[in-house]
Amino acid sequence: MNEPCTAYGEAHQPVLQGTWEYVRAGQEEILRSPYLPASCAFLLHVLLSSPFFLLDALASVSQRVRSWRIAAGSGPPPSARQWVDCFWRVLYRYLTVVLPTTAVFQTLRSPAVPELAPSCWQLFVEVFGCFLLFDTLFFIWHLSMHRVPWLYRNVHQLHHQHHIPFALAAQDSSSAELLSLLLFALSSAWVLGCHPLSEAFFHLINSWLAVEDHCGYDLPWSLHRLLPCLGGAPFHQAHHSFHSGNYAPYFTHWDHLFGTYRSSGLT
């Protein structure tokens, strides 16, 4: 059994237990709500994309910000109108398809709300395991959508309207694709039997990485610069530019193994 994380000098006081009890206090009905995953996914996506909206605005006046843009010579950053139009498209698909369908999935899943928090080690293993499983499912599905013409035309092509993507466009996809990716994320946590706190961390980091991959900037503090196993924005923007290769969302090992890796050549 894993011992719970403890604060320094407090051998019997789990660090995560206090956080978990704060989350649970009077919130169990919300935690059990079938509408929670889709609602949080949409709100998180908009919230995490917001800093890049400001960055795109600054890029029109700041040479330093423009120097961080990938393929800076390919045109100006997206306009405010593009951001607003993208917001309404994504919101419409969430309200009409993603929210009701994931609510049914969550009702069947009936997630438990345990009293105890996970240990730090358990949280790390579960979150990392979710990323490995989600990355694998995404790679298979993404590769299939490019290799099967019907899937590309009817499911994936809409996402490729963005030759040079921007942060909010990470979820500017068909309803079917948007739904499939959220179900992959939920299923990854379900299959691995993750604690709700681990699942929450996974969804938070997953949302951030999706936004960062589509942001259009190779920032000095981007995660792929700290963790070479991640492809980052240059890796994914190459996929949007060439319409092939780099099918995994975050890690690069599957693309290396299957010979579908390609360097960006865009920076």
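The values are calculated or read from the model by the stated rules, or taken from the named source; none is laboratory data. Everything numeric in this text was worked out from a predicted model, so none of it was measured. Note: ideal-geometry Cβ built from the backbone for every residue, glycine included; neighbour counts use all protein chains shown.
Here are the numbers for the structure shown:
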item	result
Residues located in the range 54-70, provided they are buried (at least 18 other Cβ atoms within 10 Å of the Cβ) and touching a helix residue (DSSP H, G or I) at 6+ places or on another chain (Cβ under 7 Å)	L55, A59, V65, R69, I70
Test result for L192, out of contact with any Lys or Arg (no Cβ under 7 Å at 6 or more places or on another chain), among the aliphatic types (A, V, I, L, M) and at pLDDT below 90	no
Residue list for the range 174-183, filter: buried (at least 19 other Cβ atoms within 10 Å of the Cβ) and either touching a residue at least 40 places away in the same chain (Cβ under 8 Å) or hydrophobic (A, V, I, L, M, F, W, C) (or both)	L178, L179, L181, L182
Extreme residue, surrounded by the most Cβ atoms within 10 Å (Cβ to Cβ), among residues of the range 95-126 that are among the aliphatic types (A, V, I, L, M) and modelled with pLDDT of 90 or more	V98
The range 135-157: number of residues that are buried (at least 20 other Cβ atoms within 10 Å of the Cβ) and in contact with a Leu (Cβ under 9 Å, 6 or more places away or on another chain)	2
Criterion (over 14 Å from H142 (Cβ atoms), touching an Asp or Glu at 6+ places or on another chain (Cβ under 6 Å) and of a type in the set (A, V, I, L, M)) met by exactly one of A233, A248, A167, A200	A233
Failed item, numbered, when E115 is tested on (1) under 29 Å from F53 (Cβ atoms); (2) assigned to a loop (DSSP other than H, G, I, E, B)	(1)
Condition check for V84: out of contact with any Leu (no Cβ under 7 Å at 6 or more places or on another chain) and closer than 25 Å to S241 by Cα	yes
Test for L168: is it surrounded by fewer than 16 Cβ atoms within 10 Å (Cβ to Cβ) and under 18 Å from the mean Cα position of the chain (by Cα)	no
Qualifying residue in the range 213-220 (condition: surrounded by 23 or more Cβ atoms within 10 Å (Cβ to Cβ) and without any contact (Cβ under 8 Å) to a residue 60 or more places away in the chain)	yes
Residues that are part of a helix (DSSP H, G or I) and among the acidic types (D, E), drawn from the range 138-190	E177
Odd one out for P51, checked against (1) crowded, with 18+ Cβ neighbours inside 10 Å; (2) modelled with pLDDT of 85 or more; (3) under 28 Å from S263 (Cα atoms)	(1)
Which numbered condition G193 misses (of (1) more than 30 Å from R32 (Cα to Cα); (2) part of a loop (DSSP other than H, G, I, E, B))	(1)
Test set (1) part of a helix (DSSP H, G or I); (2) touching a Phe, Trp or Tyr at 6+ places or on another chain (Cβ under 8 Å); (3) buried (at least 23 other Cβ atoms within 10 Å of the Cβ) - H236 fails condition number	(2)
So E29, is it more than 22 Å from H162 (Cα to Cα), without any contact (Cβ under 8 Å) to a residue 40 or more places away in the chain and either hydroxyl-bearing (S, T, Y) or part of a helix (DSSP H, G or I) (or both)	yes
